[in-house]
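Since every read-out is calculated from the coordinates, none of them should be taken as a lab result. The structure displayed is predicted, hence computed values, not measured ones. As a convention, Cβ positions derive from the backbone with ideal geometry for all residues, glycine included, and neighbour counts pool all protein chains shown.
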Amino acid sequence: MQRRTKVIAIANQKGGVGKTTTVVNLAAALSARKRAVLVMDLDPQAHATLGLGLEKQQGVSIYPVLLGEKQIADVIQPTKWNNLNVIPSEVDLAGAELEFGVREDRLTMIRDALGPVKDSGAFDYIILDCPPSLGIVMTSSLVASDGVLIPIQAEFLAMDGLALITGSIERIRQSVNPALELNGIVFTMVNSVAKLTHDVIEEVRGHFGDKVYETLIPRNVRVSEAPSMGTPVVFLDPRSKGAESYKAFAWEFMAKNPTRFDMPSAAAPAPTPAPAPEPEPVPEPVPEHASSPTPAPEPEPAPAHEPQV
Ligand SMILES: Nc1ncnc2c1ncn2[C@@H]1O[C@H](COP(=O)(O)OP(=O)(O)O)[C@@H](O)[C@H]1O
Ligand SMILES: [Mg+2]
């Protein structure tokens, strides 16, 4: 069955704004809802790789694929959880900025590398964890993407940072990827008692309207503890405030980015703004990618765990 695969870059040139945390937990929450997800870790620090329970391993990343030494299917790794796969990062990616900066196809190299995976329809979502700079890796990630999701903190000068990245998106849209959309802006590490927080959120909403996700991700200690356990907080402590908010965010994300599961049927043409909450998924992990013993809440079968690329 062919799926419409959406490629979403999670990007902000600033470090420490919650990009990787959002990649890991959005991917985990989507996979728990039976969406087939591939995370590509493009940051040489490999925090998304580690946060999803994988080790860094030399030669297992997009890097050898970009060099033409490996096929992309060879570097897609399963995680401990169903429907959740990763193209890990490795230290060699740190050289990519310089090394690939002189390539003629530097802007399209990631899009070309991802082509076979996207065309295979094996995944609902491919989520790219971008490094914190406006360099060649981030730019070519945006060229490869259908949408850009920007995590930001509600702090002084937030609008300035947003102007930088939305400017980059606009330039890419006007040149090499006219289809690129601003998927949305999500506030992370929100301190709900601070007045400045509310003022900044209002200012950004005033400017970007419904591009700003309703769900606010609060600052929550369980979120910051989870990476050291190699487990997304949505699996580690599903009832924590951080996990609940990432799950709510994933619902909003799915409603804005429908896959085959969410398409309104011919019998029910009136589109609903958000899908009705499904029953809680079975807490992961599932050993050795065995099929989940509980029936899927969706009308269609769960996607295969091992993507056929
Ligand atoms: N909602 C949150 N509550 C508490 N700590 C968080 C939250 N989101 C992120 N962090 C922590 O903040 C730091 C930076 O987050 P990270 O996702 O790595 O940002 P980036 O990828 O943008 O550099 C990490 O230590 C992470 O664990
Ligand atoms: Mg990061």
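Yes or no: the range 154-168 includes at least one residue that is touching a strand residue (DSSP E or B) at 6+ places or on another chain (Cβ under 8 Å), free of Cβ contacts under 8 Å to residues at least 40 places away in the same chain, under 19 Å from ILE8 (Cβ atoms) and part of a helix (DSSP H, G or I).
From the range 154-168, those touching a strand residue (DSSP E or B) at 6+ places or on another chain (Cβ under 8 Å) are 154, 158, 161-162, 165-166; that's our starting set.
Retained after the next criterion (residues that are free of Cβ contacts under 8 Å to residues at least 40 places away in the same chain): 166.
This time we only want the ones that are under 19 Å from ILE8 (Cβ atoms), so: 166.
Filter again for part of a helix (DSSP H, G or I), leaving 166.
Yes.
Specify the residue that is farthest from ligand 2 (Cβ to nearest atom); the eligible residues are those in the range 35-52 that are closer than 17 Å to TYR246 by Cβ and part of a loop (DSSP other than H, G, I, E, B). Break it down stepwise before answering.
Taking the range 35-52 and keeping what is closer than 17 Å to TYR246 by Cβ, we get 35, 37, 39, 47-48, 51-52.
From what's left, part of a loop (DSSP other than H, G, I, E, B): 35, 52.
Details: ARG35: 22, LEU52: 13 Å.
Of everything passing the filter in the range 35-52, ARG35 is farthest from ligand 2 (Cβ to nearest atom).
Out of everything in the range 125-152 that is over 14 Å from the mean Cα position of the chain (by Cα) and either in a loop (DSSP other than H, G, I, E, B) or farther than 25 Å from VAL37 by Cβ (or both), what residue ends up being nearest to ligand 2 (Cβ to nearest atom)?
Per the stated criteria, the residue is PRO132.
Please work out which one of (1) without any contact (Cβ under 8 Å) to a residue 12 or more places away in the chain; (2) away from ligand 1 (no atom under 16 Å from the Cβ); (3) part of a helix (DSSP H, G or I) is the condition SER228 fails and give its number.
Of everything listed in (1) without any contact (Cβ under 8 Å) to a residue 12 or more places away in the chain; (2) away from ligand 1 (no atom under 16 Å from the Cβ); (3) part of a helix (DSSP H, G or I), SER228 misses just condition (2).
Looking at this structure, is GLY147 in contact (Cβ under 8 Å) with a residue 12 or more places away in the chain, away from ligand 1 (no atom under 14 Å from the Cβ) and more than 21 Å from TYR213 (Cβ to Cβ)?
Values: in contact (Cβ under 8 Å) with a residue 12 or more places away in the chain: yes; away from ligand 1 (no atom under 14 Å from the Cβ): yes; more than 21 Å from TYR213 (Cβ to Cβ): no.
Considered against the rule, which asks whether it is in contact (Cβ under 8 Å) with a residue 12 or more places away in the chain, away from ligand 1 (no atom under 14 Å from the Cβ) and more than 21 Å from TYR213 (Cβ to Cβ), GLY147 comes out as no.
Go through (1) under 27 Å from SER192 (Cα atoms); (2) within 14 Å of ligand 1 (Cβ to nearest atom) one by one and return the number of the condition MET159 breaks.
Going through the list (1) under 27 Å from SER192 (Cα atoms); (2) within 14 Å of ligand 1 (Cβ to nearest atom), MET159 breaks only (2).
What number of residues within the range 160-215 are crowded, with 19+ Cβ neighbours inside 10 Å and within 16 Å of ligand 2 (Cβ to nearest atom)?
4
Could you please tell me which pairs satisfy a Cβ distance under 8 Å, a separation of 6+ or placement on different chains, a first residue in the range 63-76 that is free of Cβ contacts under 8 Å to residues at least 40 places away in the same chain, and a second residue that is surrounded by 14 or more Cβ atoms within 10 Å (Cβ to Cβ) and acidic (Asp, Glu)?
TYR63/GLU90; TYR63/ASP92
Before we move on, is ARG239 surrounded by fewer than 19 Cβ atoms within 10 Å (Cβ to Cβ), over 21 Å from ALA144 (Cα atoms), among the charged types (D, E, K, R) and more than 16 Å from ligand 2 (Cβ to nearest atom)? Write out each step before concluding.
Values: surrounded by fewer than 19 Cβ atoms within 10 Å (Cβ to Cβ): yes; over 21 Å from ALA144 (Cα atoms): yes; among the charged types (D, E, K, R): yes; more than 16 Å from ligand 2 (Cβ to nearest atom): yes.
Yes, satisfied.
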